[in-house]
Structure formats: C-alpha cells, structure tokens
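Written out below as structure tokens is the structure these notes cover.
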Amino acid sequence: MRAATMADAPVPKPWISDIHAYVPGKSTGKDGRVLVKLSANENPLGTSLLALAARADVASPERYPDPDSKALRAALGDLHGIDPALIVMGTGSDELLNLAAQGYAGPGDEVLYVRYGFSVYDIAARRCGAVPVVAPDADYGTDVEALLALVSEQTRVVFIANPNNPTGSYLPAGEIARLHAALPADVLLVLDQAYGEYVSPEDDDGGLALAAAHANVLVTRTFSKIYGLAGERIGWGTGHAGIIDTLNRIRGPFNISNTGQAMGLAAVADQAFVAASRAHNRAERTRFVAALAAMGNHGLRPLPSQANFVLIEFGGKLTAEAAFAGLAERGTITRWLPNQGLPHCLRITIGTAAQMDHIVSGLREMAETAK
Ligand SMILES: *Cc1c(COP(=O)(O)O)cnc(C)c1O
C-alpha cells in the first residue's frame, strides 16, 4: 500500500489554484436585508411578457432539450442576417468565453485583454493553463496601441468587451477594424458584445460584419442583459465555420434548457421589448449623468457609458467605499470594485427612474456632508 503523504488528497493544477473565483453582484446588505439590486446590470423592465408566456408551453422536464437549439438559432439568424449554421449557443455567453480560450489556448500560450476588462477573461485564460497578459488602459478605456504592443508569438486569443464592463467604454468601428487588421491571422479576436443591443445602430462597432468576413473573429452575445433573461443562462456566438465547429465540439451537449430555448425564442420575437429597454436605458442614463453633473463639484466623475450602467470615479471627500456603504444603508446595492483595481469607483446599473432619483439624492446628501 502507498504510504500516506502530506499530499494525501487530490492536488489541483497550479493554474487552477491561482484563479480568484468570479464575484457576482450582491442583492443583500451586510445584515442580510434584501436591497434594490443595481449591482449586476439586470434589466429594470424585467422580461418580455411574451417570453414569460412561453414558459407555460415548455416541453416536459423529463425530456432532454434540443441539443442544437435549432429553432432559437434560426430565429437569431433571421434577426441578424446570419446563417444559423454559423451560430453556437452557450450556457450564458460565459460558457462561450471560456470555450474560446480553451479551444485555442493552453499552457505556455498567452491570452490578452485590457486592464479593467471583464473579470471572466482572467478566469477563462487561467482555466486552460494559459498566461493572462493585461494591457494598460487609456483613461479606463481600451487602448488599441497598448494591446497591439503586447501581441507576441505566444498570443492565441484577444478578448475585448465592447461596450466594456465595468467601465462602459466603447471602441468605434474604426478602432475595432484597426485592431483586427493588425492582429496576426492565427490570433482569435473575441468581441464580447454583451451590451451590444444598447448601442444605437449608427454606432455599431462592425463586429458582426468582421465575424462574417474573417476566419479569426468570434462575436458573443447574451440574453442576460437587454433581453432580461439572466436567470435562464442563454448566450450565443457567431464566427467562421471553423470556430463554430471548435466550440460545438467542446460545449455542453444540452447546454440550453427546454425553458431557456422556449423563452429565448419568444424574446427574440419581441423586439418591441428590446426597443423599449434600449430607450428606457438611454433616457435614464442621460438623466442620471446630468443629475450627477448638476450636483456641483464633489469630485464625482461619471465615465462615458454606452451600456446599461455607469462607472463613477470618486475623487473628492466622499469615497467610493463610503458611497457604497451609504447607498446600501439607503436601500440600494451597487458594485464597488476593489478586487478589480477600482477601489475609487462604483458601478451603478441603470434602474427605474425612481431608483435613479433615489441614488442621486443619496449621493448628493453624502457628498455635501462628507468630511
Ligand atoms: C454580463 C456580461 C456577460 C454575460 O454573461 P452571461 O454568461 O451571458 O450571463 C458577458 N460579458 C460581459 C462583458 C458582461 O458584462
């Protein structure tokens, strides 16, 4: 028999031990009280009523779902003018981000993204044993030059969220095209458009067209944000046939549930809900930023956002940490991001008009009395 040793337990791979688990937005305060949740970029209008109605018609739970989500991919293809064969579904776009790294990078390879990029990229890179490489930001936003300067022989995957979370920053089509053109053809560019539907059509970053035209671009989208279906875990991606084939080989075989497929299908058909959500977000985001400006100079700087949240930099007497605690005391949970190198910032999801008014009055009160 083998002698018992100190390592008498399974030992995880060192690159797995190095991962800091994803920290989700909270919904309760320190005392366990349920708070208004503006910490996870969920849709304040809820979910399409058509999607909710579709839930009632879902096939029996003892049946496996369609492994290929055929109807849902067909509907997405129709909406976006994409061949459904070039669409892959994921259990949230999170699954696809991880599979993109796993499919194309491994130990010794590099995965590149920007400082203040989406926190899942670090996990996705480490999960497959690759080395995460982080490019400096340009005033919190994505700096194409800085990214390109770090592309090496080992670079296999580049992740860009556009709009980016948590900063809200956005690269226009010209910058995305410039980045893509300068990348070697064997480097996969993943354009994460989780907030793509919030951007007005005239500001489109051209990602879907790039994915259709080139062999090294994957665009990912989600039903978690504007479609208001975060709880159903539905994401999708599109790219060249070779990329879709790779992801299909390694995705979960029944990765979208019966309920998810039914609700997703109904949600795609309800573009009126999507348009209403976009209009609500735009109006409330504009009003929120204007109200912060009207507070006078307390050192609060909302960063320009194309998404359904605003990142506020706190440079005055009121700190982000105190504002986070004070807003929670007043009933709302926001996102303070010390673990992402942003201890001086709060990310606040755009909620209802009343919720945003409540945030502004809370911040004003705290800023005016901060010592
Ligand atoms: C919310 C978000 C996602 C979506 O994740 P799901 O797994 O689809 O819920 C992806 N990327 C970014 C940048 C996000 O903020």
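Every listed requirement among (1) over 20 Å from the mean Cα position of the chain (by Cα); (2) open to solvent by 50 Å² or more (accessible area, probe 1.4 Å); (3) assigned by TED's automatic domain parsing to the domain that holds Asn281 is met by Glu42 save one, (1).
For Pro132, the test of being surrounded by fewer than 23 Cβ atoms within 10 Å (Cβ to Cβ), modelled with pLDDT of 95 or more and touching an Asp or Glu at 6+ places or on another chain (Cβ under 6 Å) is passed. Of all residues in region 152-167, those satisfying the criterion of being under 20 Å from Asn98 (Cα atoms) and surrounded by 15 or more Cβ atoms within 10 Å (Cβ to Cβ) are Thr155, Arg156, Val157, Val158, Phe159, Ile160, Ala161, Asn162, Pro163, Asn164, Asn165, Pro166.
Elements of the type helices (runs of 4 or more DSSP H) sitting completely within region 66-171 and holding at least 1 residues that are within 15 Å of the ligand (Cβ to nearest atom) and closer than 24 Å to Ile244 by Cα: these cover 70-80, 92-104, 120-127.
Regarding Ala209, is this residue farther than 19 Å from Asn308 by Cβ, at pLDDT 95 or above and open to solvent by 20 Å² or more (accessible area, probe 1.4 Å)? Against the criterion (farther than 19 Å from Asn308 by Cβ, at pLDDT 95 or above and open to solvent by 20 Å² or more (accessible area, probe 1.4 Å)), Ala209 qualifies. Going by the conditions given, is Arg301 within 16 Å of the ligand (Cβ to nearest atom) and among the charged types (D, E, K, R)? No: the conditions fail for Arg301. Looking across region 266-311, the residues that are over 23 Å from Glu232 (Cβ atoms), polar (S, T, N, Q) and open to solvent by less than 60 Å² (accessible area, probe 1.4 Å) come down to Ser305, Gln306. Residues of region 312-325 being open to solvent by 30 Å² or more (accessible area, probe 1.4 Å) and either more than 17 Å from Gly168 (Cβ to Cβ) or assigned to a loop (DSSP other than H, G, I, E, B) (or both), which ones? Gly315, Gly316, Lys317, Thr319, Glu321, Ala322, Phe324, Ala325, listed by residue number. Quick one: in region 26-65, of everything that is within 16 Å of the ligand (Cβ to nearest atom) and at pLDDT below 90, which residue is farthest from Pro163 (Cα to Cα)? Residue satisfying both the conditions and the ranking: Ser27. Scanning region 96-117 for residues that are of a type outside the set (Ser, Thr, Tyr), crowded, with 23+ Cβ neighbours inside 10 Å and in contact (Cβ under 8 Å) with a residue 60 or more places away in the chain gives Leu96, Leu97, Leu99, Ala100. For region 242-260, the count of residues that are away from the ligand (no atom under 16 Å from the Cβ) and open to solvent by less than 10 Å² (accessible area, probe 1.4 Å) is nonzero.
The values are calculated or read from the model by the stated rules, or taken from the named source; none is laboratory data. Here the structure is a predicted model, which means the values were calculated and not measured. All Cβ positions, even for glycine, are placed from backbone atoms using ideal geometry, and neighbour counts span all protein chains on display. Surface areas here come from the heavy atoms of the whole protein model, side chains and all, with no ligands, DNA or RNA. Shrake-Rupley method; radii C 1.70, N 1.55, O 1.52, S 1.80 Å.
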